[in-house]
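Accompanying notes for the structure given below.
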Amino acid sequence: MSLLGGIRPPIAILASLLLLVAGVTAFSLGRVGKDPVPEAVLTSQQHFAEDGAIALRASLDESVTDLDRAAALFNAGEPVSPDAVLDKIGSVYQKWRGTAIIEIESGRLLAARGENLPLTVIDRGRLAEEGGLAPRMIRLENGETRLLSFGLLSWEGRPQQLLIASSSLKFPGISLGKFRAIAVVDSQGKVLSSDGILAPEQLLSDDLRKASERSKKQLDAFAEIAAEKAGEHPLKTKEPGSGGFLGVSGSLSGEVVNGERSVAGYAALAAPRPGESTVATGLGLTVVAMVGVAEDPTLTTDPVFGLIAAGVLLVIGGLAVALLLGAVQRPLLRLFLESRRLTRGDVRRPVTVPRFGEAARIGHALERLRLQLLDGPHDDADPAPARASRRFGTRAMLAVCAVLLLLWSAPMVLLLNRADDTAVIPQQLVNDQRERTDTLTDRVRRALNEGHADLVSVASLIGDRTAPEDMATVLERTAYEHLRYRSLYVLDADGRVLARAGEEPRHPAGEGPGTEAIALLNDEGKEPVIAGYAEVPGREGAAVVGEFRIDFLNSLLKRPGLGEVRIVDAERRVLGGNTGYRAFEGLPSRQIDALVEGTNQRVGLSPRPSSVLYRGDDGVQLAAAAPFVGGGAAKQLGWTVVSWRSASGLEIPEYTFQNRTVLAGLLGLTAAAACLGWLHIVVVRPLRELARQAEALADGDRRTVLYPRHHDEVGAVVRSLELIRQTLQEQRRRDGAAATPSPVGRN
C-alpha cells in the first residue's frame, strides 16, 4: 500500500485533526478574559507611543533641516548683520528655545536670542572635521536636555560665523488627555524630559505628592525596560507581516494601585522609510507613554464553554469516525481479503457480502464470479443475479459524516458567542481614539504651517531686483529639499508666473495671489488644490506660491489602530484620507457627520476634540474628531480630522471570544472538508468505478482489461478481478463446455 493512499490515512488524519481541534477549542476559549488588561488597551498605548516618536522625530529633523536651509539662503544673498539674521529666523520660525551666532576664529559672541546657550561646550577646532557640524545633545545646568543644531554663515571677505539653535526634547502637539504621562528616554534608560506628571508647585496635598512619586517611580522603571528593549532589532520584535511602525515598539504592564494598573507603550525613534537614517534617529531616543487603567474583575466570557464545545466535538467526531470505520473501511478491507482468497483458488467458501453500498455491489459480483469459477464459464449472465441497492452508498455515508461535523462547526462560525451590542468597550480606548486623532490633527496643521514658513523664508530672499533665473534656482533648491510641494512658483499681481519649479501650476489663470496664507483653490475635481502664499518684499502684489501634494498630507494620516481617517473642510467635504476616497465627497454616515459638526462648536475659546462610541445596526464603532486649533497659517482653514473604526477588530474579551469561537468552527470545517474530500477522491470515486467494473465482469464482460490506478485497497481488488478475468478466459479457451473449473493459480 502507498503511504498516503488507501482508506486508512484519511480516516486516521481526520480523527487526529478533530482531536487537535477539540484541544485547541478547550485551551484557547478557556483562556479568554484572564488577562488583567485587555490586549487592545496595551496595543493602543503602543500606538500612542509610536505617534509620539513620529512627532518628535519629525520635529527634530525639521528643526535641523530648517536651520541648514536658512543658513544656505543667507549665504546665497548679500551679507547681513548677525542681529538681522537672528531676527529674520525668529520671525519666520518660532521653534527654537535659543539662537546665537559666534565668530568661529575668535569665538566671540556676535548675537543671541532666547535662552542662554552653553557655548563653551562647542569645540571650534573640530568644526571643520567630518561630522563637526552634526547636531548633538547637551545638558543644561537646570538638568534639562537640549539638542544643538549648527549652520555655517559664510560670505566672501568676512570671517566665517557659526549659527547655533537649541531645541527642547518636548513633544510638539501631543494630546495627552487626563492622567497620562509621556517621556523621552536616552539609550541608558534615563528620562530626559517628561510631560503629564504634576510639577512640585502643583502638589497641594500629601495624597497628590504620594501619587506623583509613585507615577515618577513607575515611569522610571518603564524607561529602563523600554531603553533595553529599544536596543533590539526591529524585525525581532514584531510579528511577521505586522507592518506599521518601522522601529522598535511594544507595550508594558506595571503594578496595581487602588484598582488601577499602570500600562505603557514605548517606541524608539525610527526613520520614515525603511533602510534610512536621520539626525533624530541617530540620537538613540525612545518615547514612553504611561497611563493608569482600571481593572474590571467581572468575567465577560464563560471559560466552561470551551470544555463543553470540545466535549461535544469529541462525541460528534467519534461518531463520524466510527461510521467511517464500520461502514467504509471494514467492508473495503473485507472485500480486499475475499478477492485475494478467490485469486488463490479458494472458491468453495461463499463470499462474505457487505450490507450496503458499493461494497455490497462488489461483494455480490465477487460471489457470482466465485460461482462461475466453481461451475465453469457461461456464455450468458446468471438468470437472476443478486444485486445490492444503489440508493445508499459510500458517498451518502460521507455526506452523513459531513452533516454531523457541520452540526458542530456551523453554529460555532455563525451563531455562538456573538458579541453584538453586549461588548464592553474600555473607556480608555474611546479616550485614546480622541487623543490620537487630536495629535494627528496637530501634526497635519504643523506640516502646513512649516510649509508656509518655508515659503516666507524663500520670499524674504527674493527682492524687487532678483532675476527670474535666480528665482528659479532658489525654488528648485527648496523643492528638492522639501517634497511636500508639487509645484513652487512666483506669481505677480496680474497672475503671471515669473519663475517656477516642479509641475505645472494649477492656480487660476489671470488671477493674482490670494489674500489668505493657505487656501483651497477648487471645490470640485479629482484632487484638491491646496496652495500657500508668501508675499515677496519689494514686489507689490507678488508672492511665492507653493502647491502642496495631497499625497504628502495623506501620508501623515497613515497610522495603525485609528481605522479610517479623513481630512474634511468647513463644509465637511473630504479632502484627504488614509484609505480610498473621492475628493469632495461627504462623510460616510449621518452619525460621523453630526460628530464633526458638533466638534466644531466653540467650547470656551476654541473647539475641543471629541470622541463617541456608536452602537447600531452595523455593530459597535469608535469615532473621534479634532478641529484645527492653535496658531499658524493653517488655523484659519477651519479643517477637521475625523477617524472611525469598527470595534469588532479590537482585542477585548468579547470579540476575542467570538473570533476564537469562529476560528474553532473554521478549523473543524477545514478538517472535515479536507479529510472527507480526500476520502472521496482516493476511495469513493475509485470504489464506484470498481463496482461498475466488477458487475460488468460478473455479467460476462471478458474483454475489458482491468488495471489499478492506485496502489491501495481498491487497486488491490482491481488486480484480483483482473486475475479472475484471466482465469475465466483461460478456462474458456481450454474447455468451453467443462463443468468444473480448474483452480486459480498463484501469480
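Which one is modelled with the lowest pLDDT among residues in region 285-317 that are assigned to a loop (DSSP other than H, G, I, E, B), out of contact with any Pro (no Cβ under 7 Å at 6 or more places or on another chain) and open to solvent by 30 Å² or more (accessible area, probe 1.4 Å)? Before you say what the answer is, go through the steps one by one.
Of the residues in region 285-317, the ones assigned to a loop (DSSP other than H, G, I, E, B) are 285, 295-303.
Within this subset, residues satisfying the condition of being out of contact with any Pro (no Cβ under 7 Å at 6 or more places or on another chain) are 285, 296-299, 302-303.
Next cut, open to solvent by 30 Å² or more (accessible area, probe 1.4 Å) only: 296-299, 302-303.
Working: Asp296: 71, Pro297: 66, Thr298: 65, Leu299: 58, Asp302: 72, Pro303: 76.
Among those that are assigned to a loop (DSSP other than H, G, I, E, B), out of contact with any Pro (no Cβ under 7 Å at 6 or more places or on another chain) and open to solvent by 30 Å² or more (accessible area, probe 1.4 Å), it is Leu299.
Does Arg566 meet the test of being closer than 26 Å to Trp639 by Cβ, at pLDDT 90 or above and open to solvent by less than 20 Å² (accessible area, probe 1.4 Å)?
Details: closer than 26 Å to Trp639 by Cβ: yes; at pLDDT 90 or above: yes; open to solvent by less than 20 Å² (accessible area, probe 1.4 Å): yes.
In short, yes.
I'm trying to understand the selection: among the residues of region 1-57, which are buried (at least 21 other Cβ atoms within 10 Å of the Cβ), over 27 Å from the mean Cα position of the chain (by Cα) and at pLDDT below 85?
Once the filter is applied, which keeps residues that are buried (at least 21 other Cβ atoms within 10 Å of the Cβ), over 27 Å from the mean Cα position of the chain (by Cα) and at pLDDT below 85, region 1-57 yields Gly6, Ile7.
Is there any pair linking a residue in region 464-478 that is under 15 Å from Ala543 (Cα atoms) to one that is modelled with pLDDT under 85 and exposed (fewer than 15 other Cβ atoms within 10 Å of the Cβ), with Cβ under 7 Å and at least six apart or on different chains, and which?
Close Cβ pairs (under 7 Å, with a partner that is modelled with pLDDT under 85 and exposed (fewer than 15 other Cβ atoms within 10 Å of the Cβ)) amount to Asp464/Gly538.
If the Cβ limit is 6 Å and pairs must be 6+ apart or interchain, which residue in region 609-635 that is free of Cβ contacts under 8 Å to residues at least 60 places away in the same chain pairs with which residue that is open to solvent by less than 30 Å² (accessible area, probe 1.4 Å) and in a strand (DSSP E or B)?
Once the first residue is free of Cβ contacts under 8 Å to residues at least 60 places away in the same chain and sits in region 609-635, its partners that are open to solvent by less than 30 Å² (accessible area, probe 1.4 Å) and in a strand (DSSP E or B) give Gln621/Trp644.
Do you know which residues across region 521-544 are touching a residue at least 24 places away in the same chain (Cβ under 8 Å), within 35 Å of the chain's Cα centre (by Cα) and surrounded by 18 or more Cβ atoms within 10 Å (Cβ to Cβ)?
Residues satisfying the conditions are Pro528, Ile530, Ala531, Gly532.
Of the residues that make up region 109-125, is at least one among the polar types (S, T, N, Q) and either assigned to a strand (DSSP E or B) or buried (at least 17 other Cβ atoms within 10 Å of the Cβ) (or both)? Walk me through how you get there before you give the answer.
Taking region 109-125 first, the residues among the polar types (S, T, N, Q) are 116, 120.
Next, from what is left, pick out any that are either assigned to a strand (DSSP E or B) or buried (at least 17 other Cβ atoms within 10 Å of the Cβ) (or both): none.
No, region 109-125 contains no residue that is among the polar types (S, T, N, Q) and either assigned to a strand (DSSP E or B) or buried (at least 17 other Cβ atoms within 10 Å of the Cβ) (or both).
Would you point out which residue out of Arg572, Arg645 is of a type in the set (D, E, K, R), in contact (Cβ under 8 Å) with a residue 24 or more places away in the chain and on the phi > 0 side of the Ramachandran plot?
Values: Arg645 fails: on the phi > 0 side of the Ramachandran plot.
None of the other options fit; the residue is Arg572.
State which residue is farthest from the chain's Cα centre (by Cα) when the search covers only region 330-349 and only residues that are under 13 Å from Glu367 (Cα atoms) and not in a helix (DSSP H, G or I).
Ranking the candidates gives Arg348 first.
Does any residue of region 420-442 turn out to be touching a Lys or Arg at 6+ places or on another chain (Cβ under 6 Å), within 30 Å of Leu666 (Cα to Cα) and either open to solvent by 30 Å² or more (accessible area, probe 1.4 Å) or in contact (Cβ under 8 Å) with a residue 12 or more places away in the chain (or both)? Quick ask: steps written out before the conclusion?
Kept after step one, since they are touching a Lys or Arg at 6+ places or on another chain (Cβ under 6 Å), are these residues of region 420-442: 421.
Then keep just the ones that are within 30 Å of Leu666 (Cα to Cα); that gives 421.
Of the ones still in play, those that are also either open to solvent by 30 Å² or more (accessible area, probe 1.4 Å) or in contact (Cβ under 8 Å) with a residue 12 or more places away in the chain (or both) are 421.
Checking region 420-442: at least one residue is touching a Lys or Arg at 6+ places or on another chain (Cβ under 6 Å), within 30 Å of Leu666 (Cα to Cα) and either open to solvent by 30 Å² or more (accessible area, probe 1.4 Å) or in contact (Cβ under 8 Å) with a residue 12 or more places away in the chain (or both).
I'd like the full set of residues that are in contact with a Lys or Arg (Cβ under 8 Å, 6 or more places away or on another chain) and open to solvent by 50 Å² or more (accessible area, probe 1.4 Å), limited to region 594-631.
Answer for region 594-631, where residues must be in contact with a Lys or Arg (Cβ under 8 Å, 6 or more places away or on another chain) and open to solvent by 50 Å² or more (accessible area, probe 1.4 Å): Glu597, Gln621.
Could you go through region 82-98 and let me know if any residue there is in contact with a Lys or Arg (Cβ under 8 Å, 6 or more places away or on another chain), of a type outside the set (Ser, Thr, Tyr) and on the phi > 0 side of the Ramachandran plot.
No, region 82-98 contains no residue that is in contact with a Lys or Arg (Cβ under 8 Å, 6 or more places away or on another chain), of a type outside the set (Ser, Thr, Tyr) and on the phi > 0 side of the Ramachandran plot.
Of Val184, Val121, which residue is at pLDDT 80 or above and either under 30 Å from Arg434 (Cβ atoms) or of a type in the set (Gly, Ala, Ser) (or both)?
Details: Val121 fails: either under 30 Å from Arg434 (Cβ atoms) or of a type in the set (Gly, Ala, Ser) (or both).
It is Val184.
Scanning for something in contact with a helix residue (DSSP H, G or I) (Cβ under 8 Å, 6 or more places away or on another chain), open to solvent by 70 Å² or more (accessible area, probe 1.4 Å) and at pLDDT 85 or above, does region 369-381 turn up at least one residue? Write out each step before concluding.
Of all residues in region 369-381, those in contact with a helix residue (DSSP H, G or I) (Cβ under 8 Å, 6 or more places away or on another chain) come to 369-370, 372-373, 376-378, 381.
Going one step further and asking which of them are open to solvent by 70 Å² or more (accessible area, probe 1.4 Å), we end up with 378.
Filter once more, so that each one left must be at pLDDT 85 or above: none.
Within region 369-381, none of the residues are in contact with a helix residue (DSSP H, G or I) (Cβ under 8 Å, 6 or more places away or on another chain), open to solvent by 70 Å² or more (accessible area, probe 1.4 Å) and at pLDDT 85 or above.
Would you pick out the residues in region 472-520 that are under 19 Å from Arg549 (Cβ atoms), open to solvent by 30 Å² or more (accessible area, probe 1.4 Å), assigned to a loop (DSSP other than H, G, I, E, B) and charged (D, E, K, R)?
Glu503, Glu504, Arg506
Being over 22 Å from the mean Cα position of the chain (by Cα), farther than 30 Å from Asn417 by Cα and without any contact (Cβ under 8 Å) to a residue 12 or more places away in the chain is the requirement here; does Arg582 meet it? If you could, list the steps in order and put the result at the bottom.
On the way: over 22 Å from the mean Cα position of the chain (by Cα): yes; farther than 30 Å from Asn417 by Cα: yes; without any contact (Cβ under 8 Å) to a residue 12 or more places away in the chain: yes.
When the stated conditions are applied, Arg582 passes them.
Suppose we filter Val641, Val662 for residues that are modelled with pLDDT of 90 or more, buried (at least 24 other Cβ atoms within 10 Å of the Cβ) and under 24 Å from the mean Cα position of the chain (by Cα); which single one remains?
On the way: Val662 fails: buried (at least 24 other Cβ atoms within 10 Å of the Cβ).
Testing whether each residue is modelled with pLDDT of 90 or more, buried (at least 24 other Cβ atoms within 10 Å of the Cβ) and under 24 Å from the mean Cα position of the chain (by Cα) leaves just Val641.
Quick one: which of Arg539, Arg559, Arg572 is closer than 19 Å to Thr599 by Cα, part of a loop (DSSP other than H, G, I, E, B) and of a type in the set (D, E, K, R)?
Details: Arg539 fails: closer than 19 Å to Thr599 by Cα; Arg559 fails: closer than 19 Å to Thr599 by Cα.
Selected residue: Arg572, the only one of Arg539, Arg559, Arg572 that is closer than 19 Å to Thr599 by Cα, part of a loop (DSSP other than H, G, I, E, B) and of a type in the set (D, E, K, R).
Identify the single condition in (1) assigned to a loop (DSSP other than H, G, I, E, B); (2) at pLDDT 90 or above; (3) surrounded by fewer than 18 Cβ atoms within 10 Å (Cβ to Cβ); (4) touching a Lys or Arg at 6+ places or on another chain (Cβ under 9 Å) that Phe584 does not satisfy, given that it satisfies every other one.
(3)
For Thr670, only one of the following conditions fails: (1) of a type in the set (S, T, N, Q); (2) open to solvent by 40 Å² or more (accessible area, probe 1.4 Å); (3) in a helix (DSSP H, G or I); (4) at pLDDT below 85. What is its number?
(4)
The values are calculated or read from the model by the stated rules, or taken from the named source; none is laboratory data. Predicted, not measured: the structure shown is a model, and the values here were computed from it. Quick reminder, even Gly has a Cβ in these numbers, built from the backbone with ideal geometry, and neighbours come from all protein chains shown. Keep in mind that these areas ignore ligands, DNA and RNA; they rest on the heavy atoms of the full protein, side chains included. Shrake-Rupley method; radii C 1.70, N 1.55, O 1.52, S 1.80 Å.
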